[in-house]
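A.B. asks: Okay, here's the structure, questions in a sec.
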Number of protein chains: 2
Amino acid sequence: MKRSEFAFIGDIASMFGSLPHHGFEPIGDDCTVISMGTDALVMTTDMLVEDVHFLRAASTAEEVGTKSLLVNISDVAAMGATPIATLLSLSLPESAQGEWSEAFMRGYHAACHEYGIALVGGDTTASRDRITINVVAIGRAPMANIKRRSAAKVGDIIAVTGRLGVSSKGLVDIMFGDLTTEAAKIHRRGNARVAEGAWLGTQSAVHAMMDISDGIASDIRHIMELSDVGADIELSAIPTDYDIRYATTGGEDYELLLTVDPANFDAIATALKASTGTTLTAIGRITATGGLRWLQDGTPTDLDLNGFTHF
Amino acid sequence: MKRSEFAFIGDIASMFGSLPHHGFEPIGDDCTVISMGTDALVMTTDMLVEDVHFLRAASTAEEVGTKSLLVNISDVAAMGATPIATLLSLSLPESAQGEWSEAFMRGYHAACHEYGIALVGGDTTASRDRITINVVAIGRAPMANIKRRSAAKVGDIIAVTGRLGVSSKGLVDIMFGDLTTEAAKIHRRGNARVAEGAWLGTQSAVHAMMDISDGIASDIRHIMELSDVGADIELSAIPTDYDIRYATTGGEDYELLLTVDPANFDAIATALKASTGTTLTAIGRITATGGLRWLQDGTPTDLDLNGFTHF
């Protein structure tokens, strides 16, 4: 790879920055946001390429369909919005037309049905030899509910939903040939905290929020950069059942990473649990330092943990 | 190809038809529509695959970039809306990272700059060996301006903007090795009637509208089906400089195809010309028969003209 994903995206953002925005917020969050009346629409897009993001040998077509939907609505939930619709583009080689594509659509439909999401547009076309899938997810929320990466405040508690490292542990299981572990199933299906995101959107004490797609070691840096803050993360507090490296640098957990006013944290964690059944765990604090520090029982460690790079 | 594009899309539309729509109109037009307050947002998506939709040997990266934008904003214009923003996904093999992708972005940016369109989201990823491009175009208009394929009325004049058959003549020129004809340049760059679409959107006497992507022989059938009407088209009236087959069955002209109240046609054609410089030409009439008839100087002919099939 000649250019990293982030460098190329950075070039594009600066190149297009001078064009009129027509009410859209600048690039930088999980979704773009446009305000219309009292509500906001949020939108995100994601491209999945065969033999880069999935293998036909390792995932069923239904699983690829379900995961394609879930990873995108996860970005919508991370904005505090409710996913309402998607657009789906498929390019299909001869070998994936018919059975594979029909099973893919069954998996995609099952996830749309589970979360009550419309399919409002799309494109299907041939390809020479590999499948490419592009999903656009659209969400809606009152404008006041929208959560941005830039909203973290010094002193905020850093928190995560659920348990981390499951998806990357599942990927390792799959690499060792065991496709049937609970972690492998979760990796193949994907995850999205739809009810949790929409509920957290209603809480003004929730400041910054995003989903965990590349591991918290990488993802927290987006919040730090856009909020111009630092972060202390306590390794022993991270909710995981596996080696801590899965939880910190493993990708595709699609749990929510958020910062919360410390005065409200306990009440929000209790109410989220009551409303959705999902545990919210405090793992650190937003600091003024500008840096990311990993702590082990309160003492800084020199672990060099970096997030997953797509290229 | 085992299934035609339209059959697969038809299956999908019926499969997802029972899910909640959240205010989006059902699939069937150039764009999906959601009303928010007094305005509507319209959205469309299109996937372009290397060696299916373009060849690196026959189009420059800048041209592919420009065309990717134009074919999508053409769909927005066909709804009577103004394109305001896009989301862009790219999957790039090693050989297209760096120079090719940067030139692509220059072409895409040039077209965005020309029409004042924001880039509000996207995704870049690796691929194994071919480029795939997915563009989502978003437009905005007062809800009353939105034009649908289902709105044609018996007696309406069928009209087209500009001159037809240019892009397919250009494709043939390219196939014969002549990449420099005016038609070849138009084929490689694409086309979009942005000002014309937005202006026609303001006219209540314009009933149905769509863009011509597959040739009028194919495209008029979408209006006929959704409006439950027939059509008579006079071959001698079709504005073209080439063999009539280019104009009727050739793809990618991206001119507008519309139906207009006959009492207002002359005034609209005159005002469109004054406002945009573009000629509107009457080529036929909407009928009650349910069928499509081709006329040669008023006499039905038995030409069997079919549109371009993507698969």
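The values are calculated or read from the model by the stated rules, or taken from the named source; none is laboratory data. On a predicted model such as this, the values are computed, not experimentally measured, just so you know. For neighbour counting, all protein chains shown are included, and Cβ atoms are generated from backbone atoms with ideal geometry for every residue, glycine included. Each accessible area value is taken on the protein alone, full model and side chains, heavy atoms only, with ligands, DNA and RNA left out. Shrake-Rupley method; radii C 1.70, N 1.55, O 1.52, S 1.80 Å.
A.B. asks: What figure in square angstrom, to the nearest 10, would you give for the accessible area of A:ARG130 with a 1.4 Å probe?
C.D. replies: 60 Å²
A.B. asks: Quick one: length gained pulling B:SER236 to B:THR299 fully straight, 0.36 nm per residue minus the C-alpha distance?
C.D. replies: Computed gain between B:SER236 and B:THR299 is 21.6 nm.
A.B. asks: With the dipole of chain B worked out from charges on the C-beta (+1 for Lys and Arg, -1 for Asp and Glu) around the Cα centre, which of B:ALA58, B:TYR115, B:VAL71 lies farthest toward the positive end?
C.D. replies: It is B:TYR115, whose Cα lies furthest towards the positive end.
A.B. asks: What's the center-to-center distance, using Cα atoms, between the range A:29-66 and the range A:249-273 in Å?
C.D. replies: Using only Cα atoms, the two centres lie 22 Å from each other.
A.B. asks: Compute the distance in nm between two label points, each set 7 Å from the Cα along the Cα-to-Cβ direction, one at B:ASP243 and one at B:HIS113.
C.D. replies: 3.9 nm
A.B. asks: How charged is the neighbourhood of B:LEU69? Take every other residue with its Cβ under 13 Å from the Cβ of B:LEU69, and add Lys/Arg as +1 and Asp/Glu as -1. If you can, show how the numbers build up before the last one.
C.D. replies: Numbers: positive: B:LYS67, B:ARG106, B:ARG189; negative: B:ASP46, B:GLU62, B:GLU63, B:ASP75, B:GLU114.
In short, -2.
A.B. asks: Compute the accessible area per residue over the protein assembly as shown, keeping the other protein chains in place, probe 1.4 Å, unit Å².
C.D. replies: About 37 Å² of surface per residue is accessible.
A.B. asks: Please report, in whole Å, how far the alpha carbons of the protein assembly as shown spread along each principal axis, starting with the longest.
C.D. replies: Here the spans come out as 89, 46, 42 Å, largest first.
A.B. asks: While we're looking at this one, here's another question. Of all DSSP beta bridges in chain A, what percent run antiparallel (nearest 5)?
C.D. replies: 75 percent
A.B. asks: Viscosity 1.306 mPa s, temperature 10 °C: give me the Stokes-Einstein translational D for the range A:247-291 in µm²/s, with Rh taken as the Kirkwood radius over C-alpha pairs.
C.D. replies: Stokes-Einstein gives a translational diffusion coefficient of 127 µm²/s.
A.B. asks: Turning to a different aspect of this structure: Could you state the orientation-averaged shadow area of the convex hull built on the Cα atoms of the range B:218-287, in nm² to one decimal?
C.D. replies: Convex hull of Cα atoms, orientation-averaged projection: 5.3 nm².
A.B. asks: Right, here's the next one. Could you calculate, for the range A:183-233, the ratio of the Cα radius of gyration to the Kirkwood radius, expressed as Rg to Rh? Don't jump to the answer; show the numbers that get you there.
C.D. replies: Details: Rg = 13.4 Å, Rh = 13.0 Å.
That ratio is 1.03, to two decimals.
A.B. asks: Under 12 Å from the Cβ of A:VAL260, count the other residues' Cβ atoms, weight Lys and Arg +1, Asp and Glu -1, and hand me the total. Could you put the intermediate results ahead of the total?
C.D. replies: Working: positive: A:LYS147, A:LYS153, A:ARG285; negative: A:ASP156, A:ASP261, A:ASP266.
My count for the surroundings of A:VAL260 gives 0.
A.B. asks: Can I ask one more? Rounded to the nearest 20 debye, what is the charge dipole size of the range B:204-310 about its Cα centre when +1 sits on each Lys and Arg Cβ and -1 on each Asp and Glu Cβ?
C.D. replies: Details: 5 positive and 17 negative charges, 46 e Å.
Taking the Cα centre of the range B:204-310 as origin, the dipole is about 220 debye.
A.B. asks: Once you place label points 7 Å from the Cα toward the Cβ at B:ARG128 and B:ALA57, how far apart are they in nm?
C.D. replies: Going from the B:ARG128 label point to the B:ALA57 one covers 2.2 nm.
A.B. asks: Let me ask something else about it. Counting DSSP beta bridges in the range B:1-143, what percent are antiparallel, to the nearest 5?
C.D. replies: So the antiparallel bridges amount to about 75 percent of the total.
A.B. asks: Counting only protein heavy atoms and using a 1.4 Å probe, what share of the accessible area of the range B:25-96 belongs to carbon plus sulfur, as a whole percent?
C.D. replies: 54 percent
A.B. asks: Helix B:216-227: angle to the longest alpha-carbon principal axis of chain B, degrees 0 to 90, nearest 10?
C.D. replies: Computed tilt is about 70 degrees.
A.B. asks: Angle check, please: helix A:5-16 long axis (alpha carbons) against the longest principal axis of chain A (alpha carbons), in degrees 0 to 90, nearest 10.
C.D. replies: Computed tilt is about 90 degrees.
A.B. asks: With a 1.4 Å probe on protein heavy atoms only, tell me which residues of the range A:69-91 lose at least 50 Å² of accessible surface in the complex relative to the chain by itself.
C.D. replies: Residues passing the criterion (a loss of at least 50 Å², heavy atoms only) are A:ILE84, A:LEU87.
A.B. asks: In addition: Could you pull the copy-to-copy label distances for B:ASP266, with points set 7 Å along Cα to Cβ, in nm to one decimal and sorted shortest first?
C.D. replies: 8.3
A.B. asks: How would A:ASP75, A:ASP11 rank on accessible area, largest to smallest, probe 1.4 Å?
C.D. replies: A:ASP11, A:ASP75
A.B. asks: If you don't mind, another one. From the label point of A:SER204, set 7 Å from Cα along Cα→Cβ, how far away are the matching label points in the other copies, in nm, ordered shortest to longest?
C.D. replies: Relative to the other copies, A:SER204 has label-point distances of 4.4 nm.
A.B. asks: So if I place +1 on the C-beta of Lys and Arg and -1 on the C-beta of Asp and Glu, and nothing else carries charge, what would the dipole magnitude of the range B:113-264 be about its Cα centre? I want it in debye, nearest 20.
C.D. replies: 420 debye
A.B. asks: Please label the shape of the range A:159-249 as rounded, prolate or oblate, based on the square roots a ≥ b ≥ c of the eigenvalues of the alpha-carbon gyration tensor (a/c under 1.5 means rounded; beyond that, a/b larger than b/c means prolate, else oblate).
C.D. replies: prolate
A.B. asks: To continue, here is another question. When the accessible area of the range A:130-222 is split by element with a 1.4 Å probe, what percent falls to carbon and sulfur? Don't skip to the answer; put the middle values down first.
C.D. replies: On the way: 1730 of 3080 Å².
About 56 percent, which is the carbon plus sulfur part of the accessible surface.
A.B. asks: Can you give me the relative contact order of the range B:184-253 as a percent, contacts being Cα pairs under 8 Å and 6 or more apart? Spell out each step's value before the answer.
C.D. replies: Numbers: 39 pairs, mean separation 30.7, N = 70.
So the answer I get is 44 percent.
A.B. asks: Which residue fluctuates most in the GNM of chain B (Cα springs below 10 Å): B:ILE131, B:ILE12, B:ILE233?
C.D. replies: B:ILE12
A.B. asks: Restricting the count to DSSP beta bridges whose residues both fall in the range A:207-311, what percent are antiparallel, rounded to a multiple of 5?
C.D. replies: Just about 70 percent of them are antiparallel.
A.B. asks: If R0 is 60 Å, what FRET efficiency do you get for A:MET143 and B:THR289 from their C-beta distance, rounded to 0.05?
C.D. replies: The value I calculate is 0.75.
A.B. asks: Which net charge results when you count Lys and Arg as +1 and Asp and Glu as -1 among the other residues whose beta-carbon is under 12 Å from that of A:ILE157?
C.D. replies: -3
A.B. asks: Mind pulling up the Rg/Rh value for the range B:50-161? Radius of gyration and Kirkwood radius, both on Cα.
C.D. replies: Over the Cα atoms of the range B:50-161, Rg/Rh equals 1.07.
A.B. asks: What is the dipole size for chain A, taken about its Cα centre, with +1 at each Lys and Arg Cβ and -1 at each Asp and Glu Cβ, in debye to the nearest 20?
C.D. replies: My answer is approximately 340 debye.
A.B. asks: Could you work out which residue, out of A:ALA141, A:ALA195, A:ALA118, moves most in a Gaussian network model of chain A, that is, has the largest mean-square fluctuation with Cα springs under 10 Å?
C.D. replies: A:ALA118
A.B. asks: Take every Cα pair under 8 Å in the range A:1-109 that's 6+ residues apart, average their separations, divide by the length, and report that relative contact order as a whole percent.
C.D. replies: Worked out over the range A:1-109, it gives 25 percent.
A.B. asks: With a 1.4 Å probe on protein heavy atoms only, tell me which residues of the range B:33-48 lose at least 30 Å² of accessible surface in the complex relative to the chain by itself.
C.D. replies: So the qualifying set is B:MET36, B:LEU41, B:MET43, B:THR45, B:MET47.
A.B. asks: Chains B and A: how much accessible area gets covered up at their contact, both sides added, probe 1.4 Å, in Å² to the nearest hundred?
C.D. replies: The buried area between B and A, both sides summed, comes to about 6300 Å².
A.B. asks: Then there's this: Explain nothing, just the number: relative contact order of chain B, from Cα pairs under 8 Å at least 6 residues apart, as a whole percent. Don't jump to the answer; show the numbers that get you there.
C.D. replies: Numbers: 698 pairs, mean separation 66.2, N = 311.
RCO, chain B: 21 percent.
A.B. asks: Rg and Dmax in Å for chain A, alpha carbons only: what are they?
C.D. replies: Looking at chain A, its Cα Rg and Dmax stand at 19.2, 58 Å.
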